[in-house]
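Chemist: Let me give you the structure first, and then I'll get to my questions.
The values are calculated or read from the model by the stated rules, or taken from the named source; none is laboratory data. It should be emphasised that the depicted structure is a prediction, and the values quoted were computed from it without experimental measurement. Counting neighbours? That spans all protein chains shown, and the Cβs are built from the backbone with ideal geometry, glycine included. All accessible areas refer to the heavy atoms of the entire protein, side chains included, with ligands and DNA or RNA removed. Shrake-Rupley method; radii C 1.70, N 1.55, O 1.52, S 1.80 Å.
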Amino acid sequence: MNRSYLSLTIAATLAVSAGAGAAAGPALDAVKAGTYKVESYHTQVGFSLSHFGFTNYSGLFSGATGSLRLDPVHPAASKLDVTIPVDSIVTTVPKLTDELKGDKWFDVAKFPQATFTSTTVTLGSGGEATIAGNLTLHGVTKPVVLHAHLVGAGVNPLDKMYTVGFQASGTIKRSDFGVSLYAPALGDEVELSIAGAFELQG
């Protein structure tokens with residue numbers, strides 16, 4: 001994999017910190033409505049958690065697939081479905097990456113995919129959106145809320161596809177999904193940092 005790793009994601013989809021004073025982004029009502037496909041190469045799902053209170057340690061998932069039905073005029077009709085191959089996980093330590101794939105952690109042989117399916121999409125001012133949905137990870141499904149904002153939209157100059165991109169953030173407890181080894185000493189709360197790129201179909 002390259003730097004287009006997905007950095008648990010779901011970067012999702014949609015890291016942005018909802019920092020005070022951030023510059024206003026483009027407006028969602030200027031984006032084309034329609035059905036979009038996840039652009040896997042530039043979609044990333046990152047995660048970060050406390051390493052015994054000493055540092056925040058991060059990793060990345062890649063290879064997401066899925067679809068986005070986007071209707072800026074009628075946001076309730078919008079829908080996001082994303083699937084992430086869990087064995088795409090990568091950290092800066094190869095040994096740790098292999099351990100995380102094992103049965104004490106994500107158990108990718110038994111649970112090869114994570115999915116996120118939205119239940120409601122609420123648009124705020126400018127390019128902000130709140131996406132509530134269900135995350136299935138490690139065989140467990142729990143509700144998750146993502147706070148997203150539009151980064152940009154337009155024709156990609158390389159492949160000539162109309163593309164829309166979002167950044168999103170969210171927080172989950174890994175123990176809720178049965179990934180609880182060393183918790184809570186090794187951070188139970190996991191910050192998600194998600195970059196989502198989508199290409200308009202048809």
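Chemist: When Lys and Arg each count +1 and Asp and Glu each count -1, what net charge do the other residues less than 11 Å away from residue 112, Cβ to Cβ, add up to?
Modeler: Net of charged neighbours comes to 0.
Chemist: Of the lysine pairs in the chain, how many meet both conditions: Cα atoms under 30 Å apart, and a spacing of 8 or more in sequence or different chains?
Modeler: 25
Chemist: Now for a separate question. For a quick check of understanding: with a 1.4 angstrom probe and all protein chains in place, what accessible area in square angstrom does residue 125 have, to the nearest ten?
Modeler: About 90 Å², rounded to the nearest 10.
Chemist: Another question, if that's okay. Find the eigenvalues of the gyration tensor of the Cα atoms of the chain, then list the square roots of 5 times those eigenvalues as equivalent ellipsoid semi-axes, largest first, in whole angstrom.
Modeler: 29, 17, 16
Chemist: Quick check on the chain: helices-only [θ] at 222 nm, where DSSP H runs of length 4 and up contribute -39,500 (n - 2.57) each and the sum goes over total residues. Nearest 500, please.
Modeler: After summing the helix terms and dividing by the residues of the chain, the value is -1000 deg cm²/dmol.
Chemist: Run the dipole for region 77-202 about the Cα centre, Lys and Arg Cβ at +1, Asp and Glu Cβ at -1, nothing else charged, and hand back the magnitude in debye, nearest 20.
Modeler: 100 debye
Chemist: Work the Kirkwood hydrodynamic radius out for region 146-202: mean of 1/r over every pair of different alpha-carbon atoms, inverted, in Å.
Modeler: This gives a value of 13.6 Å.
Chemist: Could you give the dipole magnitude of region 35-100 about its Cα centre, charging the beta-carbon of Lys and Arg +1 and that of Asp and Glu -1, in debye to the nearest 20?
Modeler: 140 debye
Chemist: Using +1 on the beta carbon of Lys and Arg, -1 on that of Asp and Glu, and nothing else charged, what's the dipole of region 18-144 about the Cα centre, debye to 20?
Modeler: The dipole of region 18-144 has a size of about 100 debye.
Chemist: Where the Cα atoms of region 111-180 are projected onto their three principal axes, how long is each span, largest first, in whole Å?
Modeler: The Cα atoms of region 111-180 stretch 43, 29, 18 Å along their principal axes.
Chemist: While we're looking at this one, here's another question. Could you please state how large a percent of the accessible area of the chain is carbon and sulfur, counting protein chains only and using a 1.4 Å probe?
Modeler: 57 percent
Chemist: Rounded, prolate or oblate: which fits region 44-98 when a ≥ b ≥ c are the square roots of the eigenvalues of the alpha-carbon gyration tensor, with rounded for a/c under 1.5 and prolate only if a/b beats b/c?
Modeler: In terms of gyration-tensor shape, oblate.
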